[in-house]
Amino acid sequence: MAPYFIFILYSYKATKFINKTKVEYLPHCSSCVFRYICGGGCRANAFATCGRIDGMDIYNCEIVKLTFPAFIFSRNLELTSTLWEK
Ligand code: SF4
């Protein structure tokens with residue numbers, strides 16, 4: 001009985017931990033337009049820079065917000081130009 005109880009306790013704690021780190025529940029990322037592409041960044045970086053596992057991965061965020069719009073824009077131009085060629 002005891003090992004089963006310990007397993008349930010650890011599963012519960014693991015689930016709570018994993019849920020806390022999902023991008024939908026991260027305070028800074030829940031409403032970001034890139035959240036499902038970026039995923040909220042690295043939890044280790046967030047912990048190292050903010051001291052919280054559900055904190056913000058500042059370096060990843062800066063890079064994503066600077067590069068993704070440019071990438072999407074350039075990809076969109078490529079797709080548009082291929083459509084024009086047809
Ligand atoms: S870009 Fe920044 S705010 Fe948006 S999901 Fe990524 S880390 Fe979070």
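For Glu62 and Thr21, a Förster radius of 22 Å and the Cβ-Cβ distance give a FRET efficiency of 0.65, rounded to the nearest 0.05.
Along the axis of the charge dipole computed for the range 2-85 (Cβ charges of +1 for Lys and Arg, -1 for Asp and Glu, origin at the Cα centre), the listed residues Thr49, Leu79, Phe7 are led at the positive end by Phe7.
In summary, the aspartates and glutamates within cross-link reach of Lys20, defined as a Cα separation below 13 angstrom excluding same-chain residues under 8 places away, comprise Asp54.
In this structure, Ala44 and Thr80 have a Cβ-Cβ separation that, at R0 = 30 Å, corresponds to a calculated FRET efficiency of about 0.15.
Between Ser11 and Tyr36, the FRET efficiency from the beta-carbon distance, with R0 = 30 Å, is close to 0.70. The stretch between Tyr4 and Ile53, if pulled fully straight at 0.36 nm per residue, gains 14.8 nm over its current Cα-Cα span.
Taking every alpha-carbon pair within the chain, the share separated by more than 15 Å comes to 68 percent.
For the chain, adding -39500 (n - 2.57) for each run of n ≥ 4 DSSP H residues and dividing by the number of residues yields -22500 deg cm²/dmol at 222 nm.
Quick note: the coordinates plus some simple rules give every number you see, no bench work behind them. This one's a predicted model, so the numbers in the text were calculated from it and none came from an experiment. With ideal geometry, Cβ positions are generated from the backbone for all residues, glycine too; neighbour counts draw on all protein chains shown.
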